[in-house]
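Following: one structure in structure tokens, then a few remarks.
What follows draws every value from the coordinates through simple rules; no lab data is involved. As the structure is a computational prediction, the values presented were derived from the model and not from experiment. Heads up, the Cβs are rebuilt from the backbone with ideal geometry, glycines too, and the neighbour counts pull from every protein chain shown.
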Amino acid sequence: MKMRANRFTVIIDTCVLYPALTRNIILSLANEGLFRPRWSTEILNELQRNLNADYPDGNVGDAQRNSIEIAFPEGEIEVSDRLVNSLNLPDTNDQHVLAAAIRSRAALIVTNNLKDFPPEELNDYEVEAVSSDKFIADVISLSNVPAVVAIRKMRKRLNNPDIDAAELILRCEKNGLIETAQLLNKYQALI
């Protein structure tokens, strides 16, 4: 059964939410209303677990999850075990991600684990998997000024230490956001 996808709703996978810079950029763009971010409960559980494990001196994962839930109270999608178990992905641990996309009628899954979301398994649901770099660059390209404003606001919030636009672009490159960095370079004076 084919379902019409909502082109403005996207599922954000844990591997995209985990790196602080990528998380900040994506959620800043979402906060400006450029798309609707969604995630399964398991995505947030995994994010929280991984951040707490990697930063054991504080409850970084708890704090990040709480911030995300406050900023996007409608973002969390409950998925049934029945739906999850009916799917067929190479890594069964990722089936909840596709289930969340189906449940929310998302057009995209933003993930850096593209091999785990083969097109032939997504096509029937009108869902496509894209990397965080491609997604961010596409949002900037399609939205231009609102996206640049969102990124400028985000950069100004980063105050430990303060970073300028050139440093933000460099950090994007270092974090594998190559296409994003190239695009932001064109807007450097505005960010």
inquiry  = Across segment 1-116, what fraction of all alpha-carbon pairs, as a whole percent, falls in each successive 10 Å bin from zero upward?
reply    = 14, 47, 32, 7, 0
task = Starting from 0 in steps of 10 Å, tell me what percent of the Cα-Cα pairs of segment 44-191 lands in each bin.
result = 10, 29, 37, 21, 3, 0
query = Where the Cα atoms of segment 34-92 are projected onto their three principal axes, how long is each span, largest first, in whole Å?
reply = 39, 28, 19
remark   = Within the set TYR125, TYR55, TYR18, GNM on the chain using Cα springs under 10 Å gives the largest fluctuation to TYR55
remark   = For ARG36, other-chain or 5+-apart residues with amide H closer than 5 Å (H placed, Pro excluded) are THR9, VAL10
inquiry  = Explain nothing, just compute: Karplus ³J(HN,Hα) = 6.51 cos²θ - 1.76 cosθ + 1.60, θ = phi - 60°, for every residue of segment 160-165 in order, whole Hz, x for Gly and Pro.
reply    = 9, x, 5, 10, 8, 4
remark   = Here the net charge surrounding ILE43, from other residues whose Cβ is less than 13 Å away from its Cβ (Lys, Arg +1; Asp, Glu -1), is -2
note = Summing +1 per Lys or Arg and -1 per Asp or Glu among the other residues with Cβ less than 10 Å from ILE163's Cβ gives 0
note = For 182-188, 97-103, 156-162, 70-76, ranked highest to lowest by mean beta-carbon neighbours within 10 Å, the order is 97-103, 182-188, 70-76, 156-162
Placed amide H near ALA129: partners under 5 Å, 5+ positions off or other chain = ILE109
